[in-house]
Amino acid sequence: RADVGLYRAKQAGRNRTVLESSRQLPLAVELREAIDTGALDVHYQPIVSLSEDGGQAVGVEALLRWSSSAQPDVTTEGLIRVAEEYDLISDLDELVLRRACADAARLQDSFAQLDLTLNVNVSGLELAESDYADRVSGILADTGWPAEQLVLEVTESELAAESQTALGNLHKLRDRGVRIAIDDFGTGYSSLSRLATIPSDILKVDQSFVAAIRSDSPAPPLLGVIAALSKSLDLQVIAEGVETEYQAAVLTELGFALAQGYHYSDSHPVAELISDLNDRRGLVGAGIPEGDHTAT
Ligand code: C2E
Ligand code: MG
Ligand code: MG
Ligand code: MG
């Protein structure tokens, strides 16, 4: 596959369901080209406060958006799996991180006035590369985005793969001011003792727990446990996938302070982000600059 610059990453034992391989290669080739030409989009979804100033944004999560002509129905999760399988993930994650930091830096005045963090997803595979922390520092230096306003999200199941290099990177990044969120928390079966040893700042509770909050059934008991756990480990906690007012009310009652989901806002291209956040604050026309929205 050297002709197309692709090769299969050694993924033995990762035990992931991957797309049928005959359909994956054209997608991987197309994705490789999109990465090389930067023809990918990053959209941003607000993370909001559940407390009395309810609905105010405290941050945004950067999410990859790309449509493949080889496979128009592929989800972002499917794309990430293909990128991991064909060893494209490092370049892909780096491109998203760089784009997101550059977008945020361009809107720095607005981000600063709204006091927003930038959350970016990172594959566990990338985190296990020895120079990862330094590459992140390089991107922060290049774009001028402050480490203190960056949160890197890594899924619980990917962290569960024991790696001293990954742990070393997490320590280095945190020493430099970057915060770490454990994404899709509650689905990866980490032991509590292990959780306490992962250098992290934030738990993002998997949306399956939130989806189970329905007015016709009792709230999932694990949600209360996770709220208490995060308090005792001194971790922030974010509920993902909040789609209804009822779910927001139950989560608030359980002690959750932060949420993300369609009930508040979907993800937007950066050009629409600041006006969405301003609407949320009732600050339309109140002088928060919208910045230069031309694409990078
Ligand atoms: P995630 O990090 O857990 O992101 C949250 C996902 O839930 C996003 O899906 C988002 O669009 C979706 N979502 C937000 N609010 C709601 C809601 O109220 N209900 C429901 N049902 N879904 C909601 P998306 O964008 O399709 O991304 C899927 C996953 O792909 C992400 O899950 C993340 O793990 C991964 N991903 C996305 N962008 C990147 C990236 O740049 N790098 C890496 N390594 N992974 C990424
Ligand atoms: Mg995430
Ligand atoms: Mg998640
Ligand atoms: Mg996810």
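Just so it is clear, none of the values below were taken in a lab; they were calculated from the coordinates. Every value quoted in this text rests on a predicted model; they were computed, and no experiment measured them. Here the Cβ positions follow ideal geometry from the backbone for every residue, glycine too, while neighbour counts run over all protein chains shown.
I'd like to know which of ALA249, ALA141, SER67 lies farthest towards the positive end of the charge dipole of the chain, counting +1 on Cβ of Lys and Arg and -1 on Cβ of Asp and Glu.
Highest projection toward the positive end goes to ALA141.
In which sequence would THR244, THR75 go, from the one with the fewest C-beta neighbours within 10 Å to the one with the most?
Neighbour counts put them in this order, fewest first: THR75, THR244.
If you average the sequence gap of Cα pairs under 8 Å that are 6 or more apart and divide by the length of the chain, what percent do you get for the contact order?
19
How high is the relative contact order of the stretch 79-132, in percent, with contacts defined as C-alpha pairs under 8 Å that are six or more residues apart?
Answer for the stretch 79-132 is 41 percent.
Take the Cα gyration tensor of the stretch 159-256, multiply each eigenvalue by 5, square-root it, and list the three semi-axes largest first, rounded to whole angstrom.
Numbers: eigenvalues 151, 34, 26 Å².
Taking √(5λ) for each eigenvalue gives 27, 13, 11 Å, largest first.
What fraction of the DSSP beta bridges in the chain is antiparallel, stated in percent and rounded to the nearest 5?
Percent antiparallel among DSSP bridges in the chain is about 35.
Give a residue-ordered list of calculated ³J(HN,Hα) values for the stretch 227-240 (Karplus: 6.51 cos²θ - 1.76 cosθ + 1.60, θ = phi - 60°; whole Hz; x for Gly, Pro).
Rounded to whole hertz, the list is 4, 5, 4, 5, 5, 6, 8, 6, 10, 6, 10, 10, 8, 9.
Once amide H atoms are built 1.01 Å from N in the peptide plane, which residues 5 or more positions from ASN119, or in another chain, come under 5 Å H to H?
VAL60, GLU61, ALA62, VAL151
List the residues whose amide H sits under 5 Å from the amide H of HIS268, counting only those 5 or more places along or on another chain, with H placed 1.01 Å from N in the peptide plane.
Here TYR44, GLN45 satisfy the definition.
Can you sort TRP145, TRP66 by how many other beta carbons sit within 10 Å, fewest first?
The order, fewest Cβ neighbours first, is TRP66, TRP145.
Under unit Cβ charges (Lys, Arg +1; Asp, Glu -1), what dipole magnitude, rounded to 20 debye, does the stretch 69-161 have relative to its Cα centre?
For this selection, approximately 320 debye.
Nothing charged except the Cβ atoms of Lys and Arg (+1) and of Asp and Glu (-1): what's the magnitude of the dipole of the chain about its Cα centre? Round to the nearest 20 debye.
600
Taking the Cα centre of the stretch 152-283 as the origin, how large is its charge dipole in debye, to the nearest 20, when only Lys and Arg (+1) and Asp and Glu (-1) carry charge on their Cβ atoms?
500
Dividing the alpha-carbon radius of gyration of the stretch 172-216 by 2.2 N^0.38 Å (N being the number of residues), what value is obtained?
Rounded to two decimals, the normalised Rg is 1.44.
Pop a pseudo-label 7 angstrom from the Cα along the beta-carbon direction at both SER137 and SER193 and give the gap in nm to one decimal.
Computed distance between label sites SER137 and SER193 equals 3.3 nm.
What percentages, rounded to whole numbers, describe P(r) for the chain computed over all alpha carbon pairs with 10 Å bin width beginning at zero?
Percent of Cα pairs in each bin: 6, 27, 34, 26, 7, 0.
Quote the relative contact order of the stretch 28-174 in percent (integer), defining contacts as alpha-carbon pairs under 8 Å separated by 6+ residues.
The normalised contact order for the stretch 28-174 reaches 22 percent.
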